[in-house]
1. Modelled label-to-label distance, LEU26 and SER150, 7 Å Cα→beta-carbon offset: nm?
2. Each label point is 7 Å from the Cα along the Cα-to-Cβ direction; what then is the distance between the points at ILE123 and PHE49, in nm?
3. Indicate the gyration tensor shape class of region 1-69 (rounded, prolate or oblate), computed on the Cα atoms with a ≥ b ≥ c the square roots of the eigenvalues: a/c under 1.5 is rounded; otherwise a/b larger than b/c is prolate and the rest oblate.
4. Considering Cα pairs under 8 angstrom that are at least six residues apart, work out the relative contact order of region 3-76 and quote it in whole percent.
5. Anything over 23 Å Cα to Cα? Flag those among LYS133/LYS157; LYS108/LYS133; LYS28/LYS64; LYS64/LYS107; LYS107/LYS158, in the order listed.
6. Calculate the FRET efficiency for TYR134 and GLU111 from the Cβ-Cβ distance with a Förster distance of 30 Å, rounded to the nearest 0.05.
Amino acid sequence: MTIVEFQYELISLQSKLMLFAYKLTLDKENARDLVQETNLRALNFRDKFASKTNLYAWTYTIMKNTFINGYRYNLNHINISKSINGTGCVLQSNFDNANNPDAIYMKKELESVINSLEYNLKITFNMFLEGYKYSEIAENLGVNMGTVRSRIFLARKKLMARLNGDFYLTSKKPCNWEIF
């Protein structure tokens, strides 16, 4: 199958792919993103497609696997961001909600651990969470960029050690904390 034929057949599958993506995601925007990701992967791995086989089934498999991998990634990774009122950092995940006791506990635990860091580490790490670049943090704090990198590294290391240690004892399985 030539590149042109492959692309033509892939384009002809777009409406079917969109329907399948919507069934998986239950959201139009996420479905569009999933279709786009599937198209990108199909084009990138076109050389792995065996000609005279079913392109329809091949792209559906790519879409299904992409969706499952994205779901697993979101389930296992927790993002840290600055809270709206600026009082501290909060824990956010795509699957937590206000009624989830585990999420509430984890948010409070994270806030307390960040607030327990040494002053210099806490200030530097909070600025990093707010989105400041290393150079901006260095300029605002009056230190060199190597010091900023070192402080952020140490803050991450301490946070991960404290959080994994605490949650290992309570959940009998280590929590997969990823701090940027």
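Derivation of every value follows stated rules applied to the coordinates shown; laboratory data play no part. Bear in mind the structure is a predicted one, so any value in this text is a computation, not a measurement. Because the Cβ atoms are built from the backbone with ideal geometry, glycine has one as well, and the counts that use them run over all protein chains shown.
1. Output for this residue pair reads 5.0 nm.
2. In this crude spin-label approximation the distance works out to 5.7 nm.
3. prolate
4. So the answer I get is 32 percent.
5. On the way: LYS133/LYS157 19 Å; LYS108/LYS133 26 Å; LYS28/LYS64 16 Å; LYS64/LYS107 32 Å; LYS107/LYS158 17 Å.
As for pairs spanning more than 23 Å Cα to Cα, those are LYS108/LYS133; LYS64/LYS107.
6. Working: r = 24 Å, r/R0 = 0.79.
E between TYR134 and GLU111, to the nearest 0.05, is 0.80.
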